[in-house]
Structure formats: C-alpha cells, structure tokens
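A.B. asks: Quick one: the structure is below, and I'll ask about it shortly.
The values are calculated or read from the model by the stated rules, or taken from the named source; none is laboratory data. Keep in mind the model is a prediction, meaning the values are calculated, not measured. Quick reminder, even Gly has a Cβ in these numbers, built from the backbone with ideal geometry, and neighbours come from all protein chains shown.
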Amino acid sequence: MKRSQHNRRHKRGTSLGSAALALLSASTIPTALAQSSNSSNSTTSSGGKRGLSIHGDTRTSDFNIFLQSSSPVAWYYTWSPWPNQYIEKAAATNNKKIEFLPLLHGVSNLDSDIARLSRGDITPGRLLTFNEPDGETDTGGSGISPKDAARAYVDKIMPLRKGSKEGGKWLISHPVVTGSPRGLDWLKDFCEACEDINKDGGGCPTDFVAAHWYGEFLGLQGWLGQLREFYEDPKHSFRPDLSSGGGGSRRGVRRQSSKKELEIIVTEMGLPQQDAETTQSMLNQTIPYLDKEDWVSGYSWFGLFREGSKDAQGWAGESVAMLTGDGGLTEIGAMFLGGQQAGVHPGESIGGDQSGDGSGDAQGAGPRSYSMMRLPEVVLATTSHALTSIDILLRLPLAMFVCFTKDLSRFDRNLAVQSPVGGAVTAAPIGDGLFMQKGINRQATGSGYGQGQVT
C-alpha cells in the first residue's frame, strides 16, 4: 500500500521508550543489529521474485516465518530509504540473503532521503522513486506534478544512476503511479516534461519500472500490459540502454537495438474488500503468472499484517491479510510462501509475540519477563557515545519501570525502520497510521482501486 509523505517524528529523547533504549550500551547491541545492509543486499545472490512491504505497525515477530532460509522471499522495502533492523536481524540469524530496495517517496524530503543513501550501510542496487505521485498525500501518494517530478528526477535522481558522469551506483526506477488511467496519464505527462527539460540528455532514462495494482487478476494482466506497451514504444527516447543491461547510458535507445525487455517489479498488489475465496483465487492465478514471465523481476502482496489490524479493518479488508490475529499464516500467507508444495501450511508461525498489540507476551513467558527480554532488540538512540556503567545505573530505574509497565509500543513504531550507523540514530517511522490514511479517505469499489474506481 502507500504511506503518506514523510510525516516523520523526531527522536523522543525524553520519552519513557527512549529511556529504555538508553539502558543498553553500544557494546550490548547484538551483532546482527549492528550489521549493515551490505551483507544481505544483493540482487543476484538473493534470487527469487517475492518480496515484502514493511511498515512500522508490523509486529517484529511476524517477520520470522517469512525469512527462513527456505523462504522464497528475496527482497523488501519500507516506503522509505530506511532499512528495517528487524528484517536484517532475522535474515542474518537465518543466514538468508535479502535485498533492501530504498524508496525516495517524494520531493519534500528528497535531499535528506538521498543523503540517507550515502551513509554507506546500504549496498547500491535497485532504487525506487516517487510513490504514486498522481495520488494525494492524505491517501498515501506523494502528490507531485509531472513537471516538478521531472525536474527533480533530472537534477537529483539521475546523478545517482549507475554509470552517470556523477559516479552514481544505483539502478533507478521511474516514479510508480497508481494502477489507473489517471496514473498512466501522469506518466505520459512526466515523460513529456522530461523531454522538454533534458532534451540533450535523453529525457529521463530508467533501468526498471515499478507497478501498483489493486484489483482482479485479469486487471493486473491488463495494467502490466499497458505499462509494457508504453515503455516499449520506440518513440520514447527515455528508455534505457537495454543492450548493456541498463545503467551506463544517460540517453535512451530505440527499441530495435534492445536485447532484453525492460523489467517490471510489482511493489504493491492486492484485492481489497473481497471474500476469502475470491482473494485466494486471485492470488492463485497471479503467482504462477508473475513467476513465469521473465520481464517480471519481483512482486509483493499487500499485506503483511494480521487479521483484525488497522489495515485489515480499513480499506484493504480482512481477506488480504497474510497473518491471522494470533500471528499464524492465513491461506494467503501460506500461498505466498509456496503453499503445500513447499511444505507451508496455514496456521504456521515461528515464535515471538502471538497476541496483543505488538508488545504482548511471548509464548511461555509472563508479561514482565517478555518485556525485559525485548531490551536487547533495540538500538541506542539517545547518545552518540558508549554509555559508562554509571550512565547505565542512573538510567536503569526508569528503564525498568518502562519494561515492567510494558510501555514499549512507542519505540516499536519509531525504531521499525532504523538502521544503526555509528553514534545517534535518527528515527524515521513509517507506521503511526501514515499510509493507513488510505483507508480513511479512499475506498475501492467494484473490482478494486487498481481499475481506477476511486472514491
């Protein structure tokens, strides 16, 4: 789904949650948490097409079953340039390769988001740009005009591209529009603006295309077909140099010189507000189709949340949830992981919190013991230096109070997408009801939002 544009909160240095974080010295942070995304972010080594869309309201324990070594999940994204520390930890624990795809969500915070990419803890790979610019910010889009998006793309995103004269290292996507006539019209206007702004540089070349779809299977086929037809039109000079695999050319080439098809990654798809049988049928048709097409490089189902959650109760509906209310796999979740052929069955789960609001009890542990067990999972966020023993003793009483009263929910969200990079860590939450705003102001009708039936 989508998140609203960068409604970020600052670090809560005075909150009870922050006091709990301060209990740990830098030396006590688990190695897996301190590891950067460098070790696990590799498109070629991770393999597989299936990915996860992660937001701050997802319980950390819910990631476990999706990141077993045998899982087909190979990549994830967070609607932001911030990796998810819990995903990275689970992947490292299971010795699983997983690629993180950063997203530059909009133009308001573009400079700071680009700066986030340069910290050195994310291995350059695929970079997503501008989330649903044809949509409004209160429904999760980035609300950017085609002309403004083209200017930002040429001035700030193209220099990041692999092979650019600025020394960029990323494979970049065009902005990902809504799966609707409005989205396609925006894309056409964007490309025209690119040609006007960057005539000598070939418009706005791209290395791959990202797509969103909410609707029935036949609609998904049709939408991807429209995107392919649009991008493979020889008149579009913004197409990448596909003969060299993308990247390395600021000017596009004509279709007849291409040796490979432009790849599409479906970063959002689902069938909102349908019954379970209809939703399962849609996914059962979709997975084999996307797996078989060479031009599809990946796909992610919305959503990775529990039945009864805010997402399930909102615009998306219960039937798209990949997890039951207690954290087991639904039929949809099991299907996404391969189903019976892969030995995966509905109801399966792997440890962690199975009840409550995400800060509940672990299996076999009371509320207090579970809260105390969670301290090693968080990262230091209130100081730029290692804490001394005196520091820890001074902060211990308040931190103990936080854990015993289970006041952990506030940093659950705020740390969900942090990546520890030396010193202090700036929180960049993408939960807190951000892209869940879609459920307040936009509801799909008929066969779904993907066919442009938006209210």
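A.B. asks: Looking for whichever is at pLDDT below 95 and either surrounded by 14 or more Cβ atoms within 10 Å (Cβ to Cβ) or within 18 Å of ALA276 (Cβ to Cβ) (or both) here; the options are SER309, SER355, SER319. Which one fits?
C.D. replies: Testing whether each residue is at pLDDT below 95 and either surrounded by 14 or more Cβ atoms within 10 Å (Cβ to Cβ) or within 18 Å of ALA276 (Cβ to Cβ) (or both) leaves just SER309.
A.B. asks: Taking the stated definitions as given, is SER349 of a type in the set (S, T, N, Q) and buried (at least 22 other Cβ atoms within 10 Å of the Cβ)?
C.D. replies: no
A.B. asks: Further question on the same structure: Checking the condition surrounded by fewer than 23 Cβ atoms within 10 Å (Cβ to Cβ), at negative phi and of a type outside the set (Val, Ile, Thr), which residue from SER80, SER70, SER142 passes?
C.D. replies: SER70
A.B. asks: Sort through LYS97, LYS162, LYS147, LYS156 and tell me the only one that's at pLDDT below 95 and at negative phi.
C.D. replies: Criteria check complete, one pass: LYS97.
A.B. asks: Consider segment 282-312. How many of its residues are assigned to a helix (DSSP H, G or I) and either in contact with a Pro (Cβ under 9 Å, 6 or more places away or on another chain) or touching a residue at least 40 places away in the same chain (Cβ under 8 Å) (or both)?
C.D. replies: Looking only at that region, the number is 11.
A.B. asks: I would also like to ask the following. For residues in segment 152-170 being of a type in the set (D, E, K, R) and without any contact (Cβ under 8 Å) to a residue 24 or more places away in the chain, which is surrounded by the fewest Cβ atoms within 10 Å (Cβ to Cβ)?
C.D. replies: GLU166
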